[in-house]
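What follows is a set of notes on a single structure, which appears directly below.
The values are calculated or read from the model by the stated rules, or taken from the named source; none is laboratory data. Just so it is clear, the structure is predicted and the values come from calculations on it, not from any experiment. Using ideal geometry, Cβ is built from the backbone for each residue, glycine included, and neighbour counts are taken over all protein chains shown.
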Amino acid sequence: MARDARYDVLFEPMPIGPVTAKNRFYQVPHCNGGGYRDPSAAAQMRSIKAEGGWGVIFTEQCEIHPSSEITPYIELRLWEDKDIPQLALMAEKSKQNGALAGIELAYSGINGPNLYTREVPLAPTALPIRTFTNDPVQARAMTREDIKDCRRWFINAFKRAKTAGFDLICLYGAHGFGVFQHFLSPATNQRTDEYGGSLENRSRFIREVISDAKDTVGDSMGITLRVSLEEIGGPGFSNAEVRDFIEMHGDLPDLWDLAHGTWEDCSGPSRFVEEAAQHELIKGIKALTGKPVVGVGRFTSPDVMVKQLNSGTLDFIGCARPSIADPFLPKKIEEGRIEDIRECIGCNICISGDMTMSISRCTQNPTFMEEWRKGWHPEQIQKKGSSDNVLVIGAGPAGLEAARALANRGYDVALAEAGSELGGRVARERKLPGLSVWGRVADYREYQLSQLPNVEIYRESELDAEQILEFGFQNVAVATGSTWRRDGVSRQHVMPMPIDEAMPVYTPDDLMTGKMPAGNVVVYDDDHYYMGGVLAELLVQAGATVTLVTPAAYVSEWTNNTLEQASIHKRLVELGVNIVLNRGVTSIASDHLVSNCVFSDHATELQADAVVMVASRIGKDSVWAALKSRESEWLDAGIRSVKVFGDAQAPGPIAWATYAGHRYARELDMPDIGDALSFRREVTELQLIT
């Protein structure tokens, strides 16, 4: 198919200083959990994006000097010449298929605690280090000599970046991170010399470093500047002052890379932030400069992208999360395959990889960061093995993904779903407050299955072991999901808690099927992901008076890793939810709960008309267990394999389920690798002591 002419503007070339991007698709810098630890994995991930048609592809944050590093978080490093080879690999992979390769250079300043190097942090003003973990470290105010040193360190990094083969340099001064924003902001720059005070003075360091960059590599590399559009609250800069700064320095960088406030603002989850959310903040800025402008906004719709360009708001469509969910997004638009785009759902599970210092993953794209480690390609899969057919039981995220990938390998697939609706947990959770976009996990896979001739879908088909043995399928994939526990077993209680039968106790499954408690309701959250907070919001909407009790120090504590915890807490406060932190529940009586302090065990009573138990889940693996108990009958029934995976095997986030389904499909009929690792890893080479 040919692309729709409406989208032609997305494929127009655009110069960035001395280099030219082949189109307007601009993968802005984004973390991936790999960094200096997994450089080949990160490089191959970006190679796939080059294949997918992106015009500009940037690395993640790259530290330029050991006096400013952000351990324990794992990003890139360009401290010395020894770091060049792994970055050269990244540049080489990114430049395949005509893309421009960019590197984001950062001096973290007040965000760099230097826990690894033990160097004293440097910042424009002496203040405590600002990190996610509130490290008890302070930065020393930079002297004029320190500023000269920092400029020299950037010059060294510019030279190394050029040697590595990059086309673009991004100077990182956004999201509250990076020394450029720290000099620009009155909140972090309280100097009284020529680098502080007026906007012109606070801009001085930026002007000097960009001048150094252009003198050093500006004839061969484009220089971009990434700045936040505002600092919300306190003494920081406003959107109006950012506009003054850009108007004052309109032609200073070769491109303006504009980000929405903090990282939490810029990468806001779909629960709280709509597509193109920064439009009002960025609108009109392009008129202040003769250089191109890129902005972000979780762009997933090509129509929205075109509107951003045609309205004169942006010159490039900046994407991080959408480029993760579908690295082939540009190519699919170009080929007229809009319906085949795996749309980002804005769940931010990708960010959790960086926050937990682990390999990132994606709910929609289970191949993300497995391109090198496992050899997985998001659009290609190996041909089927020796068997011919598979029965997939359960059409939740794991079963849907397994069926899609199996069919693409060439197997004949029968997908049996006990209910009338496909999607499993996604079909239920998408109806909860703020989670409608998550339904794309099911929508994408249901559409893909509808286009495949070798897939048959059977709804309202709950199967037992006897029926399965009679069917004669060669492979049986059990992805029957899980149910929420009613007995309180989770982290505080490893055994069922005492519960009086007179107290109505509800689970998330109950609420998602329309069984709603009324009156004074206590939500006990020992799950710590999004469910407790979402259900509290749902209950308020239904008219209940809600108290949320959690043993954690935060509401929905794990969502600190997805940058939404503060928004969840704020939402619940605004709704009037009574939030009780650091307290568990020891027992449930007929008309109250006994709550204990997690530190002192001091007990208090909470009156309640009903309790919503958000504890743990139990995998629904009874069909698998029944089949395993009759393994001696498999040969006569023609069954070669039976496998349970996804929530049925071990409940986890939706991304874990789609990954499990994809892995099952990839590994079916493959040789047994025994105790060998199922993925590649890079092992540090010893530096021999002489």
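Working only within region 106-124, note down all residues that are buried (at least 22 other Cβ atoms within 10 Å of the Cβ) and polar (S, T, N, Q).
Within region 106-124, Ser108, Asn111 meet the criteria.
Looking at region 206-220, can you tell me whether even one residue there is at pLDDT 95 or above, part of a loop (DSSP other than H, G, I, E, B), among the small types (Gly, Ala, Ser) and more than 17 Å from Leu171 (Cβ to Cβ)?
no
Of (1) part of a helix (DSSP H, G or I); (2) modelled with pLDDT of 95 or more, Arg373 satisfies all except one. Which?
Status for Arg373: all satisfied but (1).
Within region 364-373, can one find any residue that is surrounded by fewer than 24 Cβ atoms within 10 Å (Cβ to Cβ) and more than 18 Å from the chain's Cα centre (by Cα)?
Scanning region 364-373 turns up at least one residue that is surrounded by fewer than 24 Cβ atoms within 10 Å (Cβ to Cβ) and more than 18 Å from the chain's Cα centre (by Cα).
Exactly one condition in (1) within 23 Å of Ala427 (Cβ to Cβ); (2) of a type in the set (Ser, Thr, Tyr); (3) not in a loop (DSSP other than H, G, I, E, B) is not met by Tyr529; state its number.
Here Tyr529 meets the rest and fails (3).
Test of understanding: among Val137, Val209, which residue is touching a Pro at 6+ places or on another chain (Cβ under 6 Å) and β-branched (Val, Ile, Thr)?
Checking each option against the conditions leaves just Val137.
Could you please let me know if Asn389 is in contact with a strand residue (DSSP E or B) (Cβ under 6 Å, 6 or more places away or on another chain) and either within 29 Å of Pro671 (Cβ to Cβ) or surrounded by fewer than 19 Cβ atoms within 10 Å (Cβ to Cβ) (or both)?
Considered against the rule, which asks whether it is in contact with a strand residue (DSSP E or B) (Cβ under 6 Å, 6 or more places away or on another chain) and either within 29 Å of Pro671 (Cβ to Cβ) or surrounded by fewer than 19 Cβ atoms within 10 Å (Cβ to Cβ) (or both), Asn389 comes out as yes.
Which count do you get for residues in region 509-524 that are surrounded by 19 or more Cβ atoms within 10 Å (Cβ to Cβ) and part of a loop (DSSP other than H, G, I, E, B)?
The qualifying residues number 1.
Return only the number of the condition from (1) surrounded by fewer than 24 Cβ atoms within 10 Å (Cβ to Cβ); (2) in contact with a strand residue (DSSP E or B) (Cβ under 9 Å, 6 or more places away or on another chain); (3) within 27 Å of Leu572 (Cβ to Cβ) that His249 does not satisfy.
It is condition (3) that His249 fails.
Suppose we filter Ile103, Ile129 for residues that are touching a strand residue (DSSP E or B) at 6+ places or on another chain (Cβ under 8 Å) and either free of Cβ contacts under 8 Å to residues at least 40 places away in the same chain or among the acidic types (Asp, Glu) (or both); which single one remains?
Ile129
Looking at region 428-446, is at least one residue touching a residue at least 12 places away in the same chain (Cβ under 8 Å) and over 25 Å from Tyr529 (Cα atoms)?
Yes, region 428-446 contains at least one residue that is touching a residue at least 12 places away in the same chain (Cβ under 8 Å) and over 25 Å from Tyr529 (Cα atoms).
Which ones in region 448-459 are in a helix (DSSP H, G or I) and exposed (fewer than 13 other Cβ atoms within 10 Å of the Cβ)?
Correct list: Ser450 only.
Report, by residue number, each residue of region 268-288 that is over 29 Å from Ala5 (Cβ atoms) and touching a helix residue (DSSP H, G or I) at 6+ places or on another chain (Cβ under 6 Å).
Ser270, Phe272, Leu281, Leu288
Just one of Tyr172, Tyr195 is among the aromatic types (Phe, Trp, Tyr), within 30 Å of Phe328 (Cβ to Cβ) and not in a helix (DSSP H, G or I); which is it?
When all the criteria are applied, what remains is Tyr172.
Examine region 488-508 for a residue that is modelled with pLDDT of 95 or more, crowded, with 22+ Cβ neighbours inside 10 Å, of a type outside the set (Asp, Glu) and more than 13 Å from Met613 (Cβ to Cβ), and state whether such a residue exists.
No, there is no match, as no residue in region 488-508 is modelled with pLDDT of 95 or more, crowded, with 22+ Cβ neighbours inside 10 Å, of a type outside the set (Asp, Glu) and more than 13 Å from Met613 (Cβ to Cβ).
Given the options Thr188, Thr216, name the one that is crowded, with 17+ Cβ neighbours inside 10 Å, assigned by TED's automatic domain parsing to the domain that holds Gly318, in contact with a His (Cβ under 8 Å, 6 or more places away or on another chain) and over 19 Å from Arg77 (Cα atoms).
Exactly one of Thr188, Thr216 is crowded, with 17+ Cβ neighbours inside 10 Å, assigned by TED's automatic domain parsing to the domain that holds Gly318, in contact with a His (Cβ under 8 Å, 6 or more places away or on another chain) and over 19 Å from Arg77 (Cα atoms), namely Thr188.
Any idea how many residues of region 288-324 are at pLDDT below 95 and assigned to a helix (DSSP H, G or I)?
Selection size over region 288-324: 0.
Given (1) touching a Ser or Thr at 6+ places or on another chain (Cβ under 8 Å); (2) touching a residue at least 60 places away in the same chain (Cβ under 8 Å); (3) hydrophobic (A, V, I, L, M, F, W, C); (4) buried (at least 24 other Cβ atoms within 10 Å of the Cβ), where does Leu78 come up short, assuming only one miss?
(1)
Search region 335-357 for residues that are outside any loop (DSSP other than H, G, I, E, B) and pair each with any residue that is surrounded by fewer than 23 Cβ atoms within 10 Å (Cβ to Cβ) and of a type in the set (Phe, Trp, Tyr) when their beta-carbon atoms are under 7 Å apart and the residues are at least 6 apart or on different chains.
Listed by first residue and then by second, the contacts come to Glu339/Tyr447; Asp354/Tyr73.
For region 142-158, which residues satisfy the criterion of being touching a residue at least 40 places away in the same chain (Cβ under 8 Å) and surrounded by 14 or more Cβ atoms within 10 Å (Cβ to Cβ)?
Matches in region 142-158: Ile147, Cys150, Arg151, Trp153, Phe154, Ile155, Asn156, Ala157, Phe158.
Restricting to strands (runs of 3 or more DSSP E) lying wholly in region 571-656: which have 2 or more residues that are among the hydrophobic types (A, V, I, L, M, F, W, C)?
Once the strands (runs of 3 or more DSSP E) in region 571-656 are filtered for at least 2 residues that are among the hydrophobic types (A, V, I, L, M, F, W, C), what remains is 578-580, 583-588, 592-597, 603-607, 610-614, 641-644.
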